1. Here are the criteria: (1) open to solvent by 70 Å² or more (accessible area, probe 1.4 Å); (2) modelled with pLDDT of 85 or more; (3) under 30 Å from Val84 (Cα atoms); (4) of a type outside the set (Val, Ile, Thr). Tell me which single one Ala123 does not satisfy.
2. Any idea how many residues of the stretch 71-95 are open to solvent by 80 Å² or more (accessible area, probe 1.4 Å) and not charged (D, E, K, R)?
3. Can you give me the ranges of the helices (runs of 4 or more DSSP H) entirely in the stretch 90-178 with at least 3 residues that are polar (S, T, N, Q)?
4. Applying the selection to the stretch 126-157, what residues are open to solvent by less than 90 Å² (accessible area, probe 1.4 Å), among the polar types (S, T, N, Q) and under 24 Å from Val84 (Cα atoms)?
5. Yes or no: the stretch 84-96 includes at least one residue that is touching a Lys or Arg at 6+ places or on another chain (Cβ under 9 Å) and over 18 Å from Ala145 (Cα atoms).
6. Given (1) out of contact with any Asp or Glu (no Cβ under 8 Å at 6 or more places or on another chain); (2) free of Cβ contacts under 8 Å to residues at least 60 places away in the same chain; (3) surrounded by 11 or more Cβ atoms within 10 Å (Cβ to Cβ); (4) farther than 25 Å from Ala142 by Cα, identify the lone condition not met by Ala41.
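The values are calculated or read from the model by the stated rules, or taken from the named source; none is laboratory data. None of the values given here were measured: they were computed from a predicted structure. For neighbour counting, all protein chains shown are included, and Cβ atoms are generated from backbone atoms with ideal geometry for every residue, glycine included. Heavy atoms of the whole protein, side chains included, go into the accessibility calculation; ligands, DNA and RNA do not. Shrake-Rupley method; radii C 1.70, N 1.55, O 1.52, S 1.80 Å.
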Amino acid sequence: MGGTEAWGGLSSGAGRWGLVAQFPGKEAIVAGVFGLGHGVAFSFVLAEMHLSTVQLASSLLAFNLGIELVQLLLVCLALPSLLVLARLRAQPALRVGGALITAAAAVGWLVDRLGVPNPVARAADSAGSHTTGMLTVLVVAAVVAGAWALVERQRQRQRQRQRQRQRERGLGELGTAA
């Protein structure tokens, strides 16, 4: 396996290691570098297929549209849970833990693409055979997170109303005392 395939394996997880968060304000550059690495690796795969110009263009368009739609779906499903997790005290530990798991998978894929099969790469690859279960977990987590956010918003509104009533009572008592 070549260097571009190894880059593809590493960049599959590297952008999700938390690198984006390590470079605030440079998210587009980080995403662009990893996207470029994936694009180069994919272009070599397409070049080996000896497609005509029309076939190549339509393959690239279909692939990119499909990837973007799936990413949009996954963001829509993951975002509610991530917003809830961001409010928890355990969020930094959860973020680092997730980043370490992703980093291990990326290194496993890199080593595998360099010709050294390993259990980490096999385990990461086998996760792909459980997409229905993972998608179900994401949907359930999104619904639960959305419900939790609504309940919290309702509680905040009730607390605000109670504070407002207490202020009004306090001002009323001051007016009668004078």
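1. The one condition Ala123 does not meet is (1).
2. Total meeting the criteria: 9.
3. Output list reads 131-177.
4. Thr131, Thr136, Gln154, Gln156, listed by residue number.
5. Looking through the stretch 84-96, none of the residues is touching a Lys or Arg at 6+ places or on another chain (Cβ under 9 Å) and over 18 Å from Ala145 (Cα atoms).
6. (1)
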